[in-house]
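The values are calculated or read from the model by the stated rules, or taken from the named source; none is laboratory data. The structure presented is a predicted model; accordingly, all values stated were derived computationally and were not measured. Reconstructed Cβ throughout: ideal geometry from the backbone, glycine too, with neighbour counts over all protein chains shown. Just so you know, the surface numbers come from the protein's heavy atoms only, side chains and all, with ligands and any DNA or RNA stripped out. Shrake-Rupley method; radii C 1.70, N 1.55, O 1.52, S 1.80 Å.
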Amino acid sequence: MLHLAQDTDPGWFERIRDSLDTILVDHCHLEKRAASNALNLIFRYTGCEGIPRELSEVVREEMEHFTQVLDILDARGIEFTRLPPSPYATALQAELRKNEPGAFLDKLLMAGFIEARSCERFKILSQGLAEDEPELAAFYRELMIAEARHHLLYTNIARRFYSDSVVKARLKELAPAEVAALKAAGEVPRLHSW
Ligand SMILES: [Fe+2]
Ligand SMILES: [Fe+2]
């Protein structure tokens, strides 16, 4: 359902477990970027049916997630600092076609893949943290559901503007690129790292 070509490496949670503070800071940046990305799509594709309204809802939700993570950082006394992002986003960006009609499709599907991977990682976090950090685990469970919904929303928008076969074919091409981008990020403690 999430269209991911490969599940997260089973060792990921153990690799990041001792860097939870960094993961939370990274997560905070990620929500901010998700909001910004949705807003950019509204600017770029204003005239496309449904886009402004549907994506303004995504912007609102991602900003709410951003504020929720900020609150968690504050409660834990973690400073919200700049953090070199995982190379994941840059590697994904390189896969996107620059010219229409493909550019819009790629932007939608890639946004969908990022949501899907976040959803998968939030599930792993909610399971891994269930015993030691039940509140945080519950928060990640909630976000997992929201990001699954965003994944569907982006792929459904793509299906409105492109034929099913075009969407399917491009999903098939981009899915391995998404996994390669994760691997390119290496084993740094990030939400989107290997
Ligand atoms: Fe979010
Ligand atoms: Fe999202």
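Quick look at the numbers
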quantity	calculated
Per-region count, segment 154-185, residues in contact (Cβ under 8 Å) with a residue 24 or more places away in the chain, surrounded by fewer than 19 Cβ atoms within 10 Å (Cβ to Cβ) and within 29 Å of PHE13 (Cβ to Cβ)	7
Members of segment 73-95 that are open to solvent by 50 Å² or more (accessible area, probe 1.4 Å) and either aliphatic (A, V, I, L, M) or touching a Leu at 6+ places or on another chain (Cβ under 7 Å) (or both)	ALA75, PHE80, ALA94, GLU95
Qualifying residue in segment 96-105 (condition: buried (at least 19 other Cβ atoms within 10 Å of the Cβ), within 16 Å of the chain's Cα centre (by Cα), more than 16 Å from ligand 1 (Cβ to nearest atom) and of a type outside the set (Ser, Thr, Tyr))	no
Subset of segment 91-101 [under 16 Å from GLY112 (Cα atoms) and in contact (Cβ under 8 Å) with a residue 24 or more places away in the chain]	ALA91, LEU92, GLU95
Checking PRO85 against (1) modelled with pLDDT of 95 or more; (2) touching a helix residue (DSSP H, G or I) at 6+ places or on another chain (Cβ under 9 Å), the condition it does not meet	(1)
Boolean, ASP21 is surrounded by fewer than 16 Cβ atoms within 10 Å (Cβ to Cβ) and in contact (Cβ under 8 Å) with a residue 40 or more places away in the chain	yes
Residue that is surrounded by the fewest Cβ atoms within 10 Å (Cβ to Cβ), among those in segment 58-72 that are among the acidic types (Asp, Glu) and within 10 Å of ALA35 (Cα to Cα)	GLU64
Unique match (being under 30 Å from LEU24 (Cβ atoms), free of Cβ contacts under 8 Å to residues at least 40 places away in the same chain and open to solvent by 20 Å² or more (accessible area, probe 1.4 Å)) among GLU147, GLU135	GLU135
